[in-house]
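Undergrad: I'd like to ask you about the structure that follows.
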Amino acid sequence: MEDETFTDISGKSICLDCQSHSSFCREFTVSSPKVSIGKVMVYTCSVWLLAYAVFFLTQNTAVLSSAILITLVGMMFHIHFVKVDHETLLVIGSLGIQVSSSYASGREITTFIEMSKIKDIVINEAIYMHQIIYYLCVLLKDPSEPSAVSSVVPLFQSSKPRLNCLVKVYKSCQEILSKSQ
Amino acid sequence: MVLKIFFPQCCNRADSGLLVGRWIAGHDSAVVLAVIHYPFIPGQVKQYIQQMQAQSGVELSVLGSWSLPKEGQEGMESFLRDLSTIFPQERWLQISRQMGKMGFTCEILNRGQNGKAAQRRVKKEKKEEEVDSGEAEKDEEEEDEEKVIFVHYEQRKVMLSQLHPIESGDPDLKTDPPSELRQVFQTVALSQPLFFLDKYDDGPLKSTHWQSEGREASIIVELLKQASVPLCLLLSWMLSMWTWLCSIRIFSLYPLRFLSTKLSTCVQLSYRTEHMRTLSSPKAAAGHTQFMRKANMLVSVLVDVALGVLLMWWLYRDEHIAMLANTLVPAADHVAKELEQLLQWLMGAPAGLKMNRALDQVLGRFFLYHIHLWISYIHLMSPFIEGILWYGGLSACLGLTFALSLLSDMVALFTFHIYCFYVYGARLYCLKIYGLSSLWRLFRGKKWNVLRQRVDSCSYDLDQLFIGTLLFTVLLFLLPTTALYYLVFTLLRLVVVLFQGVLHLSVDFINSFPLFAIGLRVFRPYRLAEGVKFRVLCDEPGVALHLLMERAFDGRVVQPMEEAA
């Protein structure tokens, strides 16, 4: 099933990895492509060339060293806070759903939703910039009113896979959910 | 339905025995808390559990048996099964593990309503994988078998984390039963008395559970706890004296009261008094947030005093005070000279602007006279400055914040002339703008109706119009001169305010910096954990499910846990 190629909404290829640990526990990992070395080089070179131009005009060496610092700090900031390497959805029947996203630096943000709070998992439509996209989301129950939906937790927010990938995840999630309820 | 067993990691390699824990009602899950080892008398176990139940308030029970057979301990199967008749339970778990291959076998004996024990078997086989991470696996041969998830948790971290709801929380608000995970956390946290039984103690029962490694160090903690009681009493007595002193009538008279709200030293003093009152209150902190607030306060006070003592040590060494006092008067002189030059420049043609000469001269002379007054005042005071600094420096023993607030007050007093200039300039400018605006209305044949709060049209006499227009013209042509003085003195005032702002900012920073929380974050991150994280321990698909429950710092649990944290 990993042979099928998936793309995200902007056409970049992403990789979906489904792991079935048991009949009621599955793990889905959506990995985005890694940071390309060419992109890094382009950004770094542009900053450095700009710095060199300024240095050429002002003859101030602080400009050059600050350019090096800026690129280093910028890269660190990018991999620690911006670049999401992979997002994982762990569905455990009768226990809950765990959503985690790992950044390129290894930082991981985890959210765990208990099964008693979950109403359903659905695929929803949303207007994003100038297009309409599909996304997977978890509907949470309202504690006071069991039939109402209190809030929505969107899944795979940073990788934004296309519908064919979402349908695949959705189907296997529903299998587990229907069993556990 | 899936049966969830929360199993402590420290019991992975425990000797065979009884599993003590709690069934969580309505959720089909069991929390294992400890393993009681074999040579025991059932009556004593029952008594012990009842005693623990009374102490902790958790419905403890014997969940089942745990066996990890060593050499020469074979054939215990029947014995284990017989145990279930001694400890009657709805369900009886029989978890066993082979030493060589580390296999977990879980057998669940269901006691039916008619007393006949129906038995279901769940077999779990497990490959040798990691030693310290327990695993459980499961076959899916039978259709109606009961599935089991083993969730491994670290007892100490779960116990010490603050995710479980605090007892004094509002029980009437939450009508629905608390969520499963929360109950698990609460169970582990409440069953602290169970963990006091040391494995080296010579008692009738031996058990395996988490136990603290460093009980010797806790003697110091206990001593500190004992010492803190008289200290708190002393502090609160001193505070009551202080508040009595502050509440004397003479302090509530008008000028003193007004002054005390303006002087930042007084503000800081009242702030610290409030802090000390919170710290010295004999009541224990209710709830996690309250405790954190108190701890942060205490650490900030200690750091503050330490910094203040450091400052004092620097000040009173090598005559630094005299040096400071000797530089202060020339500095004031220098500022006055610069101001005089600025006024001279303003009285000429500043930046090539042509001012109204007469008004310019009058204003300039007025301000020059003011500066002259100020300088003579400073010189009159100069012999006393060193003494003031010496005694003011003593306030640093109360904390760096006091020294900083005192400095801020002194700066305010030493730059009083700048403040006066600003007030004069602003008042003059305000009057002028006010006059101009009302005359502008007259110029257009309108007037401000006070009763209706709006501008109405009005027919003026010729004389009124003439005088008004004349005054308007005069004011308009004098405006640039006043505006220039106003602008310059506002900028000067702004510099002083900025300096004071920096001082106040640093004082607030020291007052409210959560140093304790940051220390806890670095050294004991699980104490501040925000949620849970599950990790699947097995990589082989279709074999088993065994989870490791960790505390996630960056994570969060949607809804129920966020309320608790």
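Undergrad: Go through region B:391-431 and report how many residues are in contact (Cβ under 8 Å) with a residue 60 or more places away in the chain, assigned to a helix (DSSP H, G or I) and closer than 18 Å to B:Leu310 by Cβ.
TA: Qualifying residue count for the region: 14.
Undergrad: Still on this model: Tell me whether region B:35-45 contains one or more residues that are in a strand (DSSP E or B), open to solvent by less than 10 Å² (accessible area, probe 1.4 Å) and either within 14 Å of chain A (Cβ to nearest Cβ) or in contact with a Gly (Cβ under 9 Å, 6 or more places away or on another chain) (or both).
TA: Looking through region B:35-45, at least one residue is in a strand (DSSP E or B), open to solvent by less than 10 Å² (accessible area, probe 1.4 Å) and either within 14 Å of chain A (Cβ to nearest Cβ) or in contact with a Gly (Cβ under 9 Å, 6 or more places away or on another chain) (or both).
Undergrad: Let me ask you something else. Just checking, does region A:33-50 include any residue being more than 14 Å from chain B (Cβ to nearest Cβ), touching a residue at least 60 places away in the same chain (Cβ under 8 Å) and not in a strand (DSSP E or B)?
TA: Scanning region A:33-50 turns up at least one residue that is more than 14 Å from chain B (Cβ to nearest Cβ), touching a residue at least 60 places away in the same chain (Cβ under 8 Å) and not in a strand (DSSP E or B).
Undergrad: While we're looking at this one, here's another question. Quick check on region B:285-295. Is at least one of its residues surrounded by 12 or more Cβ atoms within 10 Å (Cβ to Cβ), touching a residue at least 12 places away in the same chain (Cβ under 8 Å) and in contact with a Pro (Cβ under 6 Å, 6 or more places away or on another chain)?
TA: No: zero hits.
Undergrad: Right, next: Does B:Leu60 satisfy the criteria of being closer than 30 Å to A:Ile176 by Cα and surrounded by 17 or more Cβ atoms within 10 Å (Cβ to Cβ)?
TA: For B:Leu60, the condition - closer than 30 Å to A:Ile176 by Cα and surrounded by 17 or more Cβ atoms within 10 Å (Cβ to Cβ) - is not met.
Undergrad: Which one of these is among the basic types (Lys, Arg) and at pLDDT 85 or above: B:Arg357, B:Arg317, B:Arg365?
TA: Just one listed residue meets the conditions, B:Arg365.
Undergrad: Here's something else I'd like to know. Taking B:Gly519 as the residue in question, decide whether it is open to solvent by less than 60 Å² (accessible area, probe 1.4 Å) and either in contact with an Asp or Glu (Cβ under 8 Å, 6 or more places away or on another chain) or within 30 Å of B:Leu269 (Cα to Cα) (or both).
TA: Judged against the criteria, B:Gly519 is a match.
Undergrad: May I ask you to verify whether A:Asp8 is surrounded by 12 or more Cβ atoms within 10 Å (Cβ to Cβ), within 14 Å of chain B (Cβ to nearest Cβ), at negative phi and within 19 Å of the chain's Cα centre (by Cα)?
TA: For A:Asp8, the condition - surrounded by 12 or more Cβ atoms within 10 Å (Cβ to Cβ), within 14 Å of chain B (Cβ to nearest Cβ), at negative phi and within 19 Å of the chain's Cα centre (by Cα) - is not met.
Undergrad: Sticking with this one: Do the conditions hold for B:Ile49, that is, is it farther than 19 Å from B:Trp210 by Cβ and either crowded, with 23+ Cβ neighbours inside 10 Å or among the β-branched types (Val, Ile, Thr) (or both)?
TA: Judged against the criteria, B:Ile49 is not a match.
Undergrad: Just for region A:11-28: of the residues that are touching a residue at least 60 places away in the same chain (Cβ under 8 Å) and under 14 Å from the mean Cα position of the chain (by Cα), which one is nearest to the other protein chains (Cβ to nearest Cβ)?
TA: Here the residue is A:Phe28.
Undergrad: Scan region B:488-504 for residues that are farther than 18 Å from B:Leu263 by Cα and either crowded, with 17+ Cβ neighbours inside 10 Å or touching a residue at least 12 places away in the same chain (Cβ under 8 Å) (or both) and jot them down.
TA: Those that are farther than 18 Å from B:Leu263 by Cα and either crowded, with 17+ Cβ neighbours inside 10 Å or touching a residue at least 12 places away in the same chain (Cβ under 8 Å) (or both): B:Val488, B:Phe489, B:Thr490, B:Leu492.
Undergrad: Oh, and also: Which ones in region B:351-367 are over 17 Å from B:Phe477 (Cβ atoms) and not aromatic (Phe, Trp, Tyr)?
TA: B:Ala351, B:Gly352, B:Gly364, B:Arg365
Undergrad: Starting from region A:157-178, keep only residues that are over 21 Å from A:Ser23 (Cα atoms) and assigned by TED's automatic domain parsing to the domain that holds A:Ile92, then list their pairs with residues that are basic (Lys, Arg) and open to solvent by 50 Å² or more (accessible area, probe 1.4 Å) whose Cβ atoms are within a distance under 6 Å, requiring at least 6 positions of separation or different chains.
TA: Partner pairs satisfying both residue conditions: none exist.
Undergrad: List pairs: first residue in region B:338-364 and in contact (Cβ under 8 Å) with a residue 24 or more places away in the chain, second residue part of a helix (DSSP H, G or I) and open to solvent by 70 Å² or more (accessible area, probe 1.4 Å) anywhere in the structure, Cβ distance under 7 angstrom, at least six positions apart or on different chains.
TA: B:Leu353/B:Pro480; B:Met355/B:Pro480; B:Asn356/B:Phe477
Undergrad: Quick one: would you say A:Val84 is within 14 Å of chain B (Cβ to nearest Cβ), in contact (Cβ under 8 Å) with a residue 24 or more places away in the chain, under 30 Å from A:Tyr43 (Cα atoms) and crowded, with 16+ Cβ neighbours inside 10 Å?
TA: yes
Undergrad: For region B:375-390, what are the residues that are more than 24 Å from B:Val497 (Cβ to Cβ) and in contact (Cβ under 8 Å) with a residue 12 or more places away in the chain?
TA: Scanning region B:375-390 gives B:His379, B:Ser382, B:Glu386, B:Trp390.
Undergrad: Return the only residue of B:Leu328, B:Leu307, B:Leu311, B:Leu315 being buried (at least 16 other Cβ atoms within 10 Å of the Cβ), outside the structural domain of B:Thr415 (by TED's automatic domain parsing) and farther than 30 Å from B:Arg521 by Cβ.
TA: Unique residue meeting the criteria: B:Leu315.
Undergrad: Then there is this: If you take the residues of region A:101-121 that are among the β-branched types (Val, Ile, Thr) and without any contact (Cβ under 8 Å) to a residue 24 or more places away in the chain, which of them is surrounded by the fewest Cβ atoms within 10 Å (Cβ to Cβ)?
TA: Within region A:101-121, the match that is surrounded by the fewest Cβ atoms within 10 Å (Cβ to Cβ) is A:Ile109.
Undergrad: Mind checking which residues of region B:349-371 are exposed (fewer than 13 other Cβ atoms within 10 Å of the Cβ) and not in a helix (DSSP H, G or I)?
TA: Across region B:349-371, the qualifying residues are B:Ala349, B:Leu353, B:Lys354.
Undergrad: Take region A:122-149 and flag every residue that is within 18 Å of the chain's Cα centre (by Cα) and in contact (Cβ under 8 Å) with a residue 60 or more places away in the chain.
TA: A:Tyr128, A:Ile133
Undergrad: In addition: Within region A:135-166, which residues are closer than 19 Å to A:Lys12 by Cα and surrounded by 19 or more Cβ atoms within 10 Å (Cβ to Cβ)?
TA: Scanning region A:135-166 gives A:Tyr135, A:Leu136, A:Leu155, A:Phe156, A:Ser159, A:Lys160, A:Pro161, A:Cys165, A:Leu166.
The values are calculated or read from the model by the stated rules, or taken from the named source; none is laboratory data. Everything numeric here is computed off the predicted structure, so don't read it as measured data. Note: ideal-geometry Cβ built from the backbone for every residue, glycine included; neighbour counts use all protein chains shown. Keep in mind that these areas ignore ligands, DNA and RNA; they rest on the heavy atoms of the full protein, side chains included. Shrake-Rupley method; radii C 1.70, N 1.55, O 1.52, S 1.80 Å.
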